[in-house]
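Below is one structure, written out as structure tokens; the observations come after it.
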Amino acid sequence: MNENFKFSELEYVRPDFDGMAAKGKEILQKVRTATDFATVKACIEEMEAEEGHLLTQATIASIRHTIDVSDAFYDRENKYVNQEFPKLMAVLNEIGVALVESPFAEDIEREFGAEYLEGTRRSLKSFTPENIPLMQREAELTDEYESLCASAKIPFRGEEYNLYGIQKLFTDPDRETRKQAYKAYSDFYRDNEEKMERIFDELIRLRNQMGKNLGFANFVPLGYLQQGRSDYGPEEVAAFRAQVKEVLVPFCEKIYLAQAKRIGVDKVMAYDEKFVFPDGNAVPKGDRDFLVAQAKKMYEDLSPETAEFIHFMIDHELFDLDNKPNKANTGYMTSLPDYKAPFVFSCFNHTTFDVEVLTHEFGHALAGYLAERTQPLLSQASCATDIAEIHSMSMEQFAYPYAELFFGEDAQKYRIQHLQQAFTFVPFGVAVDEFQHIVYEHPELTPRERTYEWHKLEEKYMPWRTYEDDEFFARGGFWYHKLHIFLYPFYYINYTLTTMGAMEFKKKFEADRAAAMRDYIALCKAGGSTNYLSLLKIANLSVPFAEGSVQKACDYGMKELLKEIGE
């Protein structure tokens, strides 16, 4: 491997799925006939290496496809990968069965920890060959939604914007500009409602059938398995949502009343929500290169581990951040296993969002970088999403002392608006989760009835929200813009659960920075080597489902915010 690689120079070779399947069958036979643990261990390590090679090439294709969804070559390669991956799962699951049933299973657990085989069991529970064609169709539908959003061309006052670009205007000091820009954003989804209705309607039917093929009543249990959840379920999540309703919804109402006074309006409308200060929000003081340079200073100062990480990211050009035509309307961190290299993708729009990318997505990347250098197996380096979002959202909080680097004299404005949005996001996040439970548990709902269910959830969790002169969003159309609902079912609750961990880390960081960083780095290095509750213990964090946990986790940050906004 070339240690001086740059992502743009990496050669792409189409993944050999047939070769991988053949290699998998050879390894399967070795596991089944093994007479000692050393042979089984060698098989596990060989399979992980082979998977890593294949995933590296598949990920290169995926990244380059999202950078430009109009690139015919990588569009074709991405479709090829999406069609072939489900077929490979049959062989991987046979190996999983052999490992779980191996006479050396106890040795495997001693060597790699109990979570290794527990994760294998989750994978076995979540797959049946019957679902292969459904998974292939699911990938086609999600790609159709993503491409539809990426191709958005929104005309506004003589200029053309994509979905990320138009959102910059949601923070414009001129209220009429905000209102009209918000309506233009809404109109894109209204104009494509029938297409999105069709896509999601079929996704619900496909995913519920996948669940039924595995013996479940619907997709919900499968969705939880796909998110890697083994030590909590829907009941615990519902209890958490109830705490959010009790603690954070009234707090957010208070925040928006204070915001209305501050910006001089009778009521904060939906198009006002992101406009926090009467003289305008904090805006980054420079372009992409400037912001990356400031992020470099921050990560160099935080810890030796973060300093090493940021140099690796910059030296190997492991990010694509500029907003460009035909770029996918998303942000993510992914990994190139052969290089133990994270990659960050986003679309900068010269708002505070840009700095949040350099903290949030780079927090994910840091965790991946550290775990892949600590854990013996790729599967142990990758943790479930409910932990992964703690890495990212806590890094957003750790950036507060460095806000001057990015925002200059507006640093305090940034800290206030970011903290406010950290809290006001949570009710929206739990609404997304409850919405998904509703639509998969009630597949008989028509598309318009589903949209009305979202409207009712806004009344429940976001009672302050008013869409002035916007019939489409007012009747519930706002949910269409949330990519996770289409692409990553049951993921979104993770952002809200991990906000609790981030708020705990915020308090610890401000009280004892060194101790907070020790706990945080330990969590990153642990990867997915154990389960959710055990990982929380490693980081010295509370369990967010416990009674009173939301109040306990958020109390410090809530008091800090109220003090800053004069309430």
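Here, each number is a calculation from the coordinates, and none is a lab measurement. Predicted model only: the values in this text are computed from it and were never measured. Note that each Cβ is placed from the backbone with ideal geometry, even for glycine, and that neighbours are counted across all protein chains shown.
Near A282: Cβ cut-off under 15 Å, other residues only, Lys/Arg at +1 and Asp/Glu at -1. The net charge is -3. Summing Cβ point charges (Lys, Arg +1; Asp, Glu -1) relative to the Cα centre of the chain gives a dipole of roughly 880 debye. Which entries in K254/K413; K456/K559; K153/K460; K254/K274; K285/K525 show an alpha-carbon gap greater than 26 Å? Exceeds cut-off: K456/K559; K153/K460; K285/K525. Dipole of the range 301-387 computed with +1 at Lys/Arg Cβ and -1 at Asp/Glu Cβ about the Cα centre; of L321, Y332, N349, farthest Cα towards the positive end is Y332.
Of all lysines in the structure, the ones whose alpha carbon falls short of 25 Å from that of K30, not counting any fewer than 8 places away in one chain, are K41, K87, K125. Note on the chain: dipole from Cβ charges, positive end direction compared against I565, A539, S62; the farthest Cα belongs to I565. Among Y164, Y452, the order by Cβ neighbours within 10 angstrom, fewest to most, reads Y452, Y164.
From helices alone, the chain scores -22000 deg cm²/dmol at 222 nm; the rule is -39500 (n - 2.57) for each run of n ≥ 4 DSSP H residues, then divide by the residue total. Taking 0.36 nm per residue of separation and subtracting the current Cα-Cα distance, fully stretching the chain between E140 and A293 would add 51.2 nm. Tell me the relative contact order for the range 151-191 as a rounded percent, counting alpha carbon contacts under 8 Å between residues six or more apart. Relative contact order comes out at 35 percent. Taking the average, over residues, of other Cβ atoms within 10 Å as the packing measure, peptides 289-296, 271-278 rank 271-278, 289-296 from highest down. Neighbour counts of other Cβ atoms within 10 Å put Y402, Y332, Y480 in the fewest-to-most order Y332, Y402, Y480. Taking the charge dipole of the range 1-91 about its Cα centre, with +1 at Lys and Arg Cβ atoms and -1 at Asp and Glu Cβ atoms, the residue from M47, Y80, A22 reaching farthest to the positive side is A22. Among L561, L321, the order by Cβ neighbours within 10 angstrom, fewest to most, reads L321, L561.
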